[in-house]
Structures are given as C-alpha cells and as structure tokens.
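A.B. asks: One structure, pasted below without further comment.
The values are calculated or read from the model by the stated rules, or taken from the named source; none is laboratory data. Just so you know, these numbers come straight off a predicted model, no measurement behind them. Cβ coordinates were reconstructed from backbone atoms using ideal geometry, including for glycine residues, and neighbour counts include every protein chain displayed.
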C-alpha cells in the first residue's frame with residue numbers, strides 16, 4: 001500500500017515529527033524557507049491526504065476545493081480562525097487543534113506578567129541597568145502583594161483555570177466571568193466566585209483576559225471598563241489583542257486610571273502601539289504565550305498524533321464534529 | 001502609671017503603628033529625616049523601654065549598655081545580623097523579628113524571577129521598546145517551560161516551602177537541599193526529594209537560593225557549582241548576596257555555562273557588579289523581596305504587636321530564648 005501523503009506548511013524542527021515521518025510521506029518546506037506560500041500549497045494539495053497548517057496559514061474554500069484526497073487538517077494551535085471550518089465540515093474534512101500543550105505555558109506567562117507588574121520586576125530591571133537611577137530605601141520601589149489580593153479571570157476555560165491554580169497557590173482570591181457559569185465542583189476547586197463583568201471589574205486587584213476573540217469579546221476592556229477598575233489594579237492580556245482597546249489602555253496607564261498592565265498580545269498585529277512602549281507601568285512580550293523549546297516539540301508531536309490517530313484510530317482533538 | 005516609651009529608628013508610615021501609639025509614648029525620627037543616626041539613638045536610649053530597630057541599624061553592646069530600661073528590641077526584618085543577640089540575651093533583653101510577613105512576598109518574587117528568566121519576560125519587554133529589534137516568528141523568542149521541569153531549592157524553610165507550593169501549582173518537580181532533612185509529611189506535601197548539593201545542582205532546571213547567610217552558605221554557588229549545573233538551567237537568588245560568587249556568575253552567564261539568572265540581592269551591597277547589568281540573560285531587582293505597600297503596613301503592625309504582646313501578654317516572635 002502506498003504511504004499517505006502529509007503536507008506541513010511551516011518549517012519546524014523535525015524531532016516532534018519522527019513518528020509521522022516514519023509512517024507517512026511527509027513534505028516540509030525546503031531548507032532555508034520559513035514556510036510554503038499559499039500558492040505553493042494550492043499547487044501541491046491535490047496529491048495530499050493530510051495538511052498540517054500553521055495558525056496563520058489560510059485554509060479556505062479554494063484550497064479545499066483543490067484537494068480531492070484531503071481528509072484531515074491538523075492545525076498547529078488551539079485557535080483556528082485561519083480555517084473555514086464550516087466548509088471543511090460540509091466537505092467531510094476533519095479539523096483538529098492542539099488544546100492541551102498551550103494551556104500550561106500560557107497560564108505561566110499570565111502568572112509571569114501578573115508578578116512582573118505587581119512587583120515591578122521589568123521596570124526595576126531596566127532601571128538597575130542605568131547606574132544611579134534606582135534608590136534603595138525602605139519606602140521606595142514598592143509594588144503590591146499577591147497574597148490576599150483578588151484576581152478576576154475573564155474566560156474561565158482551560159487556561160483561565162490553570163492560571164487560577166497558580167494564583168490560589170500564591171494566596172489570591174479568585175472571581176471570574178464566563179459565558180456559562182462553571183459547575184459547583186470546579187468553582188469549589190479554586191474557591192472561585194462567579195460575577196458579572198461589572199462586579200468583577202470593581203472588586204479585582206488584577207484582571208486577566210483568557211477568553212477567545214469573538215464578536216462578544218471585541219474590546220471587552222475599553223475606556224469605560226478601565227474606569228470601573230481600581231486605581232491600584234493591573235490588567236493582563238495573554239489571550240487576543242482585540243479584546244482590549246489599546247489606545248484607551250495606554251491613556252488609562254498614563255493617567256493612573258489603573259496601576260499597570262502586562263500584555264502579550266496587541267490589537268494591531270505583532271507589535272504594541274508606540275505610546276505603550278514609552279510607559280514604565282506596562283510589561284510587553286511579543287506573543288510568546290506558547291514560545292518555549294519544550295512546547296515547540298510537544299505541539300509538533302501533538303499535530304502528528306492527531307493525524308496518525310485519525311488514520312489509525314485513537315483520540316484526536318476534534319474542532320468539527322464529523 | 002506612666003506610659004512605656006518606644007523608640008522607632010526609621011521613619012515609617014504611621015498606619016501600622018496606630019495601636020502602639022495609642023498605648024505607649026512612641027518616638028519617630030523628625031519629619032523629613034529618613035532615620036535616627038546611631039549617635040542620636042545612643043543619646044536617647046537611656047529613657048526607652050522598647051526599641052524598634054530597622055534591619056540595617058546596628059544594635060551593639062555599647063548601645064545596650066547605655067539602655068538600663070530596655071526590655072525588648074523588636075527588629076523590622078526576618079534577619080537580625082544587625083543585633084548582638086548573644087549580648088542581649090546576657091542582659092535579659094528580648095529580641096523579636098518578623099518571620100511571618102516576609103514569607104509570601106519573598107516567595108512571590110522568587111517565582112516572578114523564575115518566570116521572568118524561563119520565559120525571557122524582561123529581556124523581551126526591553127527589546128519591544130526599541131522598534132525593529134524583535135522578530136515575531138514561530139521559532140524565535142523561545143524560553144523554557146516550567147511544567148515538568150525540576151526546581152532545586154537550597155534552603156527549605158518557610159520561604160523555600162512557600163516557593164515550592166507555587167512551583168508545584170505550575171507543574172514543577174521539587175528537589176531540595178537543607179541543613180536538616182524535612183519530616184516525611186512535609187516532603188510529601190510538595191513531593192519534595194532531599195538531595196546532596198551536588199546532586200541537586202546536576203538535576204535541576206532551576207536553582208533557587210532561600211537559605212540565610214552564614215559561614216557555611218557563603219559562596220555556596222561559585223564557579224565550580226555553576227559548572228555542575230545544566231547549560232539550560234537558571235539560578236534565582238532572593239536570599240542574601242554573598243551566597244553567590246557574583247563575578248563567577250557573570251562569567252557563567254556570559255559564556256553560557258548556565259542559561260539565565262534572576263537576582264534580587266547582590267554580593268557587594270545594594271547594586272550588582274557592572275558586568276551583570278550588560279547581560280541580556282539576567283533579571284535584576286533592587287532587593288525588593290518584601291517591598292510591597294501591603295507588607296510595609298503589615299510589618300509595622302507586626303513589630304508593634306511584638307512589643308505590645310511582650311508587655312501585655314500574647315505570642316511574640318522570639319529570636320533569643322529568655
């Protein structure tokens with residue numbers, strides 16, 4: 001029997017693909033190229049049984065119509081805005097994602113940004129690098145304590161709950177807002193109290209965004225919401241940039257409406273608006289929620305396993321129910 | 001009956017001292033002065049029943065000999081290297097410290113430095129502030145995952161255990177080295193494995209120093225120990241500067257002997273050696289382990305309570321057993 005053909009759109013480290021490469025005929029972009037272009041994939045796809053798409057690679061009707069043999073699209077991400085899932089379902093093509101590997105590293109980054117803002121770690125690190133710009137006295141360089149403070153989590157799914165677990169270990173109280181209230185056992189695990197968005201904003205010392213980007217969550221934090229927050233509160237966003245009105249946030253940070261912010265995602269692409277980069281009370285990271293060496297290996301193994309299990313049986317992370 | 005007289009060496013916020021000021025006659029340094037000088041205290045001390053000393057204020061034989069009424073020295077810190085405790089004991093003067101309030105904020109800072117180094121938070125924040133200096137691609141800006149990594153804690157007292165609690169919540173495995181092995185129940189709480197220092201250095205992905213500064217712990221991490229660590233490992237020091245040979249550490253960070261370091265304390269006073277401030281793989285904070293607004297209030301209440309309970313009955317945090 002001829003080996004199944006798998007097309008990988010992005011040039012990843014090969015380690016995580018070992019089993020896939022042993023079983024199937026796997027095509028990666030040529031050495032030196034970061035990824036295949038859309039047109040290259042469009043030309044090759046008629047021959048392939050499986051596609052491993054990167055989160056920013058568009059898998060649209062045109063591509064699927066050119067792929068008579070395609071049975072599975074294994075997306076390298078938890079999100080899948082890049083795929084026309086409805087059309088895939090209509091054509092009987094399975095779509096899978098990678099929810100497991102992203103949970104813990106994203107929750108770690110959220111916790112890291114929370115600690116960095118509460119305790120001013122990045123600001124003080126920057127200032128210590130300019131000799132003479134930091135005074136060390138008992139009432140200088142003061143941050144805020146996590147212990148006893150209230151963390152408001154907007155979006156209490158896997159990542160929100162993984163963050164809650166870390167925050168509880170640091171002595172924080174958990175409140176949350178979610179489309180659906182969690183069951184009692186899950187609430188009890190974190191001592192989590194369900195609140196309306198308004199109440200959450202008013203009582204929280206830190207607000208973390210862990211919700212997907214939908215029409216409902218677009219600008220869920222804007223000027224009005226920032227004014228409902230405490231002047232000592234911090235905002236952390238490791239979810240999606242458009243959840244926050246970035247210009248309104250920069251203004252709130254500049255004027256002391258809130259105390260600080262930690263942002264891994266930005267409203268307009270990969271970079272923050274310039275005004276944010278000039279503020280001391282913000283910590284900025286370039287969308288590194290899952291950027292660890294270990295997760296790169298784990299996600300490659302995960303997208304591979306979704307393809308192998310699809311063809312040979314076993315659990316797969318289904319996005320569309322077929 | 002005349003009110004007891006309490007001398008406070010440092011000009012702190014008054015909030016935490018409310019009860020003390022209501023009960024006793026409390027003297028603070030004059031407005032605008034940071035603290036009393038040693039000579040000022042020496043001149044005033046004959047009249048005082050209690051002294052609230054700051055951690056860097058020397059309480060020596062000469063001062064105690066000038067204080068016939070002095071019954072208690074309530075030190076504002078967990079450490080008490082500033083006090084001649086043996087002589088105080090000989091003179092029947094009670095010495096107290098503040099172990100409780102410092103535990104959680106110091107463990108938070110250790111966790112913050114661990115996350116900042118593992119995930120390169122401060123380095124990436126710095127680079128995002130210089131437009132064009134960060135590329136956002138799938139295999140750039142990679143850090144390391146905490147989940148499944150091994151944290152080696154040197155000094156498994158209150159702070160070490162508070163750090164272990166946070167690290168376990170992030171999915172880390174705990175190994176530790178301590179003067180005395182912990183009891184089985186405590187080990188089980190953190191799944192902590194007792195190792196020799198050598199073994200700990202070899203197996204840990206992160207090493208955190210949480211031991212006091214003694215003759216035994218001086219330079220517990222030097223060139224030799226750094227070479228035993230993994231090239232992917234990080235070192236975190238929130239304890240005392242002299243535990244680390246700072247020049248050897250800077251060399252190890254420059255040459256890639258270890259991956260990164262997070263330092264809140266420095267070998268030679270308040271500031272790091274210049275070479276450290278030029279490295280990207282180090283996160284530096286200016287001894288802010290307990291520098292939070294909430295802890296400043298809490299510690300003031302705590303030193304006050306030690307004095308009130310000493311005179312009126314109740315628990316005090318004894319340094320010397322009288």
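A.B. asks: I need the full set of residues from the stretch B:154-186 which are touching a residue at least 24 places away in the same chain (Cβ under 8 Å), within 7 Å of chain A (Cβ to nearest Cβ) and under 20 Å from residue A:290 (Cβ atoms), in order please.
C.D. replies: Those that are touching a residue at least 24 places away in the same chain (Cβ under 8 Å), within 7 Å of chain A (Cβ to nearest Cβ) and under 20 Å from residue A:290 (Cβ atoms): B:170, B:171.
A.B. asks: Let me ask something else. I'd like to know if the stretch B:304-315 contains one or more residues that are free of Cβ contacts under 8 Å to residues at least 60 places away in the same chain, in contact with a helix residue (DSSP H, G or I) (Cβ under 9 Å, 6 or more places away or on another chain) and not in a helix (DSSP H, G or I).
C.D. replies: Yes, because at least one residue in the stretch B:304-315 is free of Cβ contacts under 8 Å to residues at least 60 places away in the same chain, in contact with a helix residue (DSSP H, G or I) (Cβ under 9 Å, 6 or more places away or on another chain) and not in a helix (DSSP H, G or I).
A.B. asks: Of the numbered conditions (1) farther than 27 Å from residue B:124 by Cβ; (2) modelled with pLDDT under 95, residue B:218 satisfies every one except a single condition; which is it?
C.D. replies: Here residue B:218 clears every test but (2).
A.B. asks: Quick one: residue B:9 ticks every box in (1) surrounded by fewer than 21 Cβ atoms within 10 Å (Cβ to Cβ); (2) under 22 Å from the mean Cα position of the chain (by Cα); (3) under 19 Å from residue B:291 (Cβ atoms) except a single one, so which number is it?
C.D. replies: So the condition that residue B:9 fails would be (1).
Conditions tested, residue by residue: (1) closer than 16 Å to residue B:201 by Cα; (2) crowded, with 18+ Cβ neighbours inside 10 Å; (3) assigned by TED's automatic domain parsing to the domain that holds residue B:216.
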{"position": "B:166", "(1), (2), (3)": "no, yes, yes"}
{"position": "B:173", "(1), (2), (3)": "yes, yes, yes"}
{"position": "B:183", "(1), (2), (3)": "no, no, yes"}
{"position": "B:187", "(1), (2), (3)": "no, no, yes"}
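A.B. asks: Go through (1) part of a strand (DSSP E or B); (2) without any contact (Cβ under 8 Å) to a residue 60 or more places away in the chain for residue A:236 and report which single condition fails.
C.D. replies: With (1) part of a strand (DSSP E or B); (2) without any contact (Cβ under 8 Å) to a residue 60 or more places away in the chain applied to residue A:236, the lone miss is (2).
A.B. asks: Take the stretch A:154-164 and flag every residue that is buried (at least 18 other Cβ atoms within 10 Å of the Cβ) and part of a helix (DSSP H, G or I).
C.D. replies: A:159, A:160, A:161, A:162, A:163, A:164
A.B. asks: Restricting attention to helices (runs of 4 or more DSSP H) lying wholly within the stretch B:80-153, give those where 1 or more residues are within 7 Å of chain A (Cβ to nearest Cβ), touching a strand residue (DSSP E or B) at 6+ places or on another chain (Cβ under 9 Å) and within 29 Å of residue B:228 (Cβ to Cβ).
C.D. replies: Because the criterion is at least 1 residues that are within 7 Å of chain A (Cβ to nearest Cβ), touching a strand residue (DSSP E or B) at 6+ places or on another chain (Cβ under 9 Å) and within 29 Å of residue B:228 (Cβ to Cβ), the helices (runs of 4 or more DSSP H) in the stretch B:80-153 that meet it are B:99-118, B:121-128.
A.B. asks: Would you check if there is a residue in the stretch A:59-66 being within 26 Å of residue A:289 (Cβ to Cβ) and buried (at least 20 other Cβ atoms within 10 Å of the Cβ)?
C.D. replies: Checking the stretch A:59-66: at least one residue is within 26 Å of residue A:289 (Cβ to Cβ) and buried (at least 20 other Cβ atoms within 10 Å of the Cβ).
A.B. asks: If I filter the stretch A:253-279 down to residues being more than 10 Å from chain B (Cβ to nearest Cβ) and part of a loop (DSSP other than H, G, I, E, B), which single residue comes out as farthest from residue A:213 (Cα to Cα)?
C.D. replies: A:256
A.B. asks: Still on this structure: Just the residues that are more than 26 Å from the chain's Cα centre (by Cα) and either crowded, with 24+ Cβ neighbours inside 10 Å or modelled with pLDDT under 95 (or both), please, taken from the stretch A:80-123.
C.D. replies: Passing the criteria: none in range.
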